[in-house]
Structure formats: C-alpha cells, structure tokens
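Shown next, in structure tokens, is the structure this report addresses.
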Amino acid sequence: MKIYAIYGAGGFGGQVYSFLKLNKSIDFSQTLIYFIDDNFHAEYLFNRPILSYKEFLKLDASEKYVNVAIANSKIREKINHQLMEDAIPTFQVISDNSVILSDITKSSGLIASPFSIISSNVEIGDSCHIGFHTSISHDCKIGNYVTFATGARCNGNVFIEDHAYVGSGAVVKNGNSERPLIIGKGAIIGMGAVVTKDVPAGITVVGNPAKILIK
C-alpha cells in the first residue's frame, strides 16, 4: 500500500486535496491519503486523518510520498530539507485539466492547479506553486520555491529566481532570448501589478506600471 500525504491542513492544503483526489494517474484503490500538520487542532479534514509529522514517520507502508502545501516558501524549504534527511520523497500534484507543454518531471513537489498553463521550453524548480488560471509562457526559467497566485500571467523569456512571489492577476512582461526579464530572489510582485522591467532581489513592486513599494 502506498501513502500520499499533503503537508499542511489549512485552506490551501484542502484545496490541493480537492484536485488530487480527481487525479486519474493515481490508483486510489492502492493508496491512502493523509494530511500532515503539527499545529492543526482537528483529527480529520475531508474525512482524511491529520497526523503530526512524527506520527506520519511511524506509518508502515511500502512507499510514502509528501507534497508540501504550505504558502510560506521559507517554511516549504525547511520542511523539504527535513523530508530529504528522512529519505521521504516528494510528489507532484498536477491537475488533470492543466496544460503542460514542457518536461516538468524533475520539478520535485510541484503543485499545478486547475486551468494552469505551462508552455514550451519552460524550466521549473522544486516545490513551486502555480495557482488557478495562471500561465507561464515559453522559454521561462522558474527557480525553487516560487509561488504564482491565482490568475498570474508570466510572458516569455522571463527568469524568476528562488522564493519569488507573483500575486493574483499580476502580469510580467516578456523579455527576449538575448536579455530575459529577471525577477530577483525573494521579490514580491503585488496583486494586479504590471511588471515591465527587472525587479531586484527582495524588493516588492506594485501598480501599473509596477513600481517599488515604499513603506
């Protein structure tokens, strides 16, 4: 018997479960599904048991896999490091009605929500989250732990570095093959922002056209 676990029993974890259970590539007659959450004060979510991580490690199964459905990318990274130490592999959650035109088999822990599009010649790092109705166009390179919220649009020849966040409805202008547009490590693209030029690492931009947020 195989065990698949979603790490995170909050709203996003429940959302991921809602389209995981519709995935035709998983034989659910030979599979058990759990949630993992050390801080959730309930025993079940959608009739699936919620376990602590220690309880999950004690489960007896021929194969165990985890997907980390935690919004905070730094926490995702910390959990993934723990999973690697414990030799627990991650698995992808790819909605059956996503459109995937690139080879994403090496994108460990990826979540691609319903109606998302990954176009041709796109590279995606580990533990990225791609929201509903989000599109990533051709020749993009996406780092590790990147998050695309609902309805984000990333045009072609864009490089997005680790831990960046692209907010709901944001649009990132295309670069070109000689000079890609670059979103730096840990940058935040605000909801509805229109990005027309590079965004430095760690910077938050908002508005149309997007400008640096001054706090």
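Where strands (runs of 3 or more DSSP E) fall entirely within region 116-215, those with at least 1 residues that are touching a strand residue (DSSP E or B) at 6+ places or on another chain (Cβ under 8 Å) and among the aromatic types (Phe, Trp, Tyr) are at 158-160. Give region 164-175 a look and list any residue that's in contact (Cβ under 8 Å) with a residue 24 or more places away in the chain and either over 14 Å from the mean Cα position of the chain (by Cα) or more than 16 Å from residue 186 (Cα to Cα) (or both), or say none. Once the filter is applied, which keeps residues that are in contact (Cβ under 8 Å) with a residue 24 or more places away in the chain and either over 14 Å from the mean Cα position of the chain (by Cα) or more than 16 Å from residue 186 (Cα to Cα) (or both), region 164-175 yields 168, 170, 171, 173, 174. Quick check: anything in region 165-188 touching a helix residue (DSSP H, G or I) at 6+ places or on another chain (Cβ under 9 Å), surrounded by 21 or more Cβ atoms within 10 Å (Cβ to Cβ) and at pLDDT 95 or above? So far as region 165-188 goes, yes, one or more of its residues are touching a helix residue (DSSP H, G or I) at 6+ places or on another chain (Cβ under 9 Å), surrounded by 21 or more Cβ atoms within 10 Å (Cβ to Cβ) and at pLDDT 95 or above.
Against the definition (free of Cβ contacts under 8 Å to residues at least 40 places away in the same chain and over 29 Å from residue 7 (Cβ atoms)), how does residue 192 come out, yes or no? Criteria met by residue 192.
For region 19-52, a tally of residues being among the polar types (S, T, N, Q) and open to solvent by 70 Å² or more (accessible area, probe 1.4 Å) returns 5.
Among residues of region 10-37 that are among the small types (Gly, Ala, Ser), those with a beta-carbon under 7 Å from a residue that is not in a strand (DSSP E or B) at least six positions away or on a different chain give the pairs 13/69; 14/46. Looking at region 34-78, which of its residues are assigned to a strand (DSSP E or B), among the hydrophobic types (A, V, I, L, M, F, W, C), touching a helix residue (DSSP H, G or I) at 6+ places or on another chain (Cβ under 8 Å) and at pLDDT 95 or above? If the condition is that a residue be assigned to a strand (DSSP E or B), among the hydrophobic types (A, V, I, L, M, F, W, C), touching a helix residue (DSSP H, G or I) at 6+ places or on another chain (Cβ under 8 Å) and at pLDDT 95 or above, then 35, 36, 66, 68 are the ones that fit. Can you find even one residue in region 10-19 that is in a loop (DSSP other than H, G, I, E, B), over 30 Å from residue 187 (Cβ atoms) and not basic (Lys, Arg)? Within region 10-19, none of the residues are in a loop (DSSP other than H, G, I, E, B), over 30 Å from residue 187 (Cβ atoms) and not basic (Lys, Arg).
Contact map, region 149-163: residues that are within 15 Å of residue 125 (Cα to Cα) paired with residues that are aromatic (Phe, Trp, Tyr) and open to solvent by less than 10 Å² (accessible area, probe 1.4 Å), Cβ distance under 9 Å, separation 6+ or inter-chain. Pairs shown: 160/148. Residues that are part of a loop (DSSP other than H, G, I, E, B) and open to solvent by less than 10 Å² (accessible area, probe 1.4 Å) within region 96-115 comprise 107, 109, 110, 113, listed in sequence order. Within region 183-201, being closer than 18 Å to residue 162 by Cβ and over 19 Å from the mean Cα position of the chain (by Cα) holds for 195, 198, 199, 200, 201. How many residues are touching a Ser or Thr at 6+ places or on another chain (Cβ under 8 Å) and surrounded by 17 or more Cβ atoms within 10 Å (Cβ to Cβ) if we restrict to region 53-89? Total satisfying the criteria: 9. The set of residues from region 117-134 being farther than 18 Å from residue 73 by Cβ and either in contact (Cβ under 8 Å) with a residue 60 or more places away in the chain or open to solvent by less than 20 Å² (accessible area, probe 1.4 Å) (or both) comprises 118, 122.
The values are calculated or read from the model by the stated rules, or taken from the named source; none is laboratory data. Note that the coordinates shown come from a computational prediction; the quantities given were computed from them, not determined experimentally. Because the Cβ atoms are built from the backbone with ideal geometry, glycine has one as well, and the counts that use them run over all protein chains shown. These area figures cover heavy atoms from the full protein model, side chains too; ligands, DNA and RNA do not enter into them. Shrake-Rupley method; radii C 1.70, N 1.55, O 1.52, S 1.80 Å.
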